[in-house]
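What follows is a set of notes on a single structure, which appears directly below.
The values are calculated or read from the model by the stated rules, or taken from the named source; none is laboratory data. Predicted model only: the values in this text are computed from it and were never measured. Methodologically, a virtual Cβ is constructed for each residue, glycine included, from the backbone with ideal geometry; neighbour enumeration extends over all protein chains shown.
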Amino acid sequence: MSPRDFAMKVLVSTMLRIAFLLALAQCSFAAAVPGPERPLATLRPAHPRLIATETDFNRVRDLVRSDPIAASFVCNSQAPSG
């Protein structure tokens, strides 16, 4: 295994662990905080189920264009498995 492959595996593993911990923290936090009285009033008009905004997507697109590591991460995540 090349050092770059090893670094990518460590990066992906670390990101998955962080995502899991954030999801776990979100679940415990969400249970403790009551929801709004009118939850539909808080939805975004563009796409109510997405947490990311158009600005977030544009920032990620710019990052993928300018950073070769981010671009390789996206290419590897879109590659067919098997």
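Quick one: what pairs do we get from the range 52-72, first residue more than 21 Å from LEU11 (Cα to Cα), second surrounded by 13 or more Cβ atoms within 10 Å (Cβ to Cβ), C-beta under 6 Å, 6+ apart or different chains?
Short answer, once both residue conditions are applied: none.
Any idea how many residues of the range 3-37 are at pLDDT 85 or above and over 19 Å from SER77 (Cβ atoms)?
1
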